[in-house]
Amino acid sequence: MGASVCVAVVLASSWAMAQAIPYMLTDWACGVIVWPGAVPSYAEHFTQRLTHAAEAAFGFWGYDIPTSVKGAYDEANAFQIHDPATDSVRTIPPLGWADRETLPVVVFAFGSVDAIRLAMGDTELYAAFWSPWPLDPGGSPEVKEWILAVGAGYRNMICTSSATDEVLIHEFAHWFTFQWCYSQGITAPQLPNYIVEGIAEVTCASAKDANSTVYDRLQAYSWAQNKCLTGSIQGVMKYPVGASIVGYLVDTLGTDDFLRTLREWSIRAWLMIDQYQAGWRESLGLPSNCPQEEVESTGV
């Protein structure tokens, strides 16, 4: 069997699975939205919010959002998806950003958090999740196969259509981080998790209420009283601590110079910790040195 025939068979099988759960499609500035069930009456409003959130995430760092490539493009960077409205395959052109082509983003807009959890099987998931890598939903097998078939397993965002601006901007900040690192030849997954989440938290800070910002700072202060930075932070504390350290670095270095440190954070995080931890602790009103017991236990 020829290669082109094999591809056709695989695609046909995938599109058959894609039809296992009813859905409809609408376009958005950076790709396509998949609506499980029917397109809701508020689809246009949500689409506007989605685009504004992407613009806010990229704009915080001084960049425009990726835009659809006009004219000729590499078909490997396009995205094919079955459109139930026409019972045909649609090709979504790639996006252009930083003089490169990149894949469009497929947004699964579920009606509720419970519906997301049914799909993802993650009780900690709150309102949204973005991934540049093949998703591995842990929910019902039928929904898992459907997501993988429809979204092709990459550049997917799973969210509720009621997700707040803060949540949407946070997730699109992950997209920005990935795109910026990719454009610079940096391996984004090698960044410490608190730097990744800190970038997202700082990016969406303008959409947070003042009480949440104060609470996050208090959490970071409380954590740093007894701990010091290492290669990663387990659990939910990576969010407030990450927001605190990234916020300190952005205030100290500026956005452009902070982004330039990501290469070092990805390959020599311990050197960056040595360079910036004391100043960060002082910015919290704490002694510059780590707690001695923590230093002895972690070897920092």
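Contact map, region 249-268: first residue in contact (Cβ under 8 Å) with a residue 24 or more places away in the chain, second residue hydroxyl-bearing (S, T, Y) and surrounded by 16 or more Cβ atoms within 10 Å (Cβ to Cβ), Cβ cut-off under 7 Å, separation 6 or more or different chains; pairs are L249/Y276. Do we find that D87 is under 24 Å from P132 (Cβ atoms) and charged (D, E, K, R) in this structure? No: the conditions fail for D87. Within this structure, F178 fails the test of being of a type outside the set (S, T, Y), out of contact with any Pro (no Cβ under 7 Å at 6 or more places or on another chain) and assigned by TED's automatic domain parsing to the domain that holds R155.
Here is a yes/no grid of residues against (1) under 26 Å from D99 (Cα atoms); (2) of a type in the set (G, A, S); (3) not assigned by TED's automatic domain parsing to the domain that holds D257:
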| position | (1), (2), (3) |
| --- | --- |
| C30 | yes, no, yes |
| A38 | no, yes, yes |
| Q48 | yes, no, yes |
| P66 | yes, no, yes |
| G71 | yes, yes, yes |
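For region 151-185, a residue qualifies if it is among the aliphatic types (A, V, I, L, M) and under 17 Å from F60 (Cβ atoms), and the qualifying residues are V167, L168, I169, A173.
When region 87-112 is filtered for residues that are closer than 18 Å to I21 by Cβ and either among the β-branched types (V, I, T) or not assigned by TED's automatic domain parsing to the domain that holds V167 (or both), the ones remaining, listed by number, are V89, V106, V107.
To keep it simple, each residue is scored yes or no on (1) within 24 Å of G62 (Cα to Cα); (2) at pLDDT below 95; (3) not in a helix (DSSP H, G or I).
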{"site": "E201", "(1), (2), (3)": "yes, no, no"}
{"site": "N211", "(1), (2), (3)": "no, yes, no"}
{"site": "Y215", "(1), (2), (3)": "no, yes, no"}
{"site": "Q219", "(1), (2), (3)": "no, no, no"}
{"site": "S222", "(1), (2), (3)": "no, no, no"}
{"site": "I245", "(1), (2), (3)": "yes, no, no"}
{"site": "V250", "(1), (2), (3)": "yes, no, no"}
{"site": "M272", "(1), (2), (3)": "yes, no, no"}
{"site": "Q275", "(1), (2), (3)": "no, no, no"}
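W280 satisfies every condition listed in (1) in contact with a Phe, Trp or Tyr (Cβ under 7 Å, 6 or more places away or on another chain); (2) touching a residue at least 60 places away in the same chain (Cβ under 8 Å); (3) hydrophobic (A, V, I, L, M, F, W, C) except (2).
The values are calculated or read from the model by the stated rules, or taken from the named source; none is laboratory data. Nothing here was measured: the structure is a model prediction, and the numbers come from that model. Positions of Cβ are backbone-derived with ideal geometry, glycine not excepted, and every protein chain shown enters the neighbour counts.
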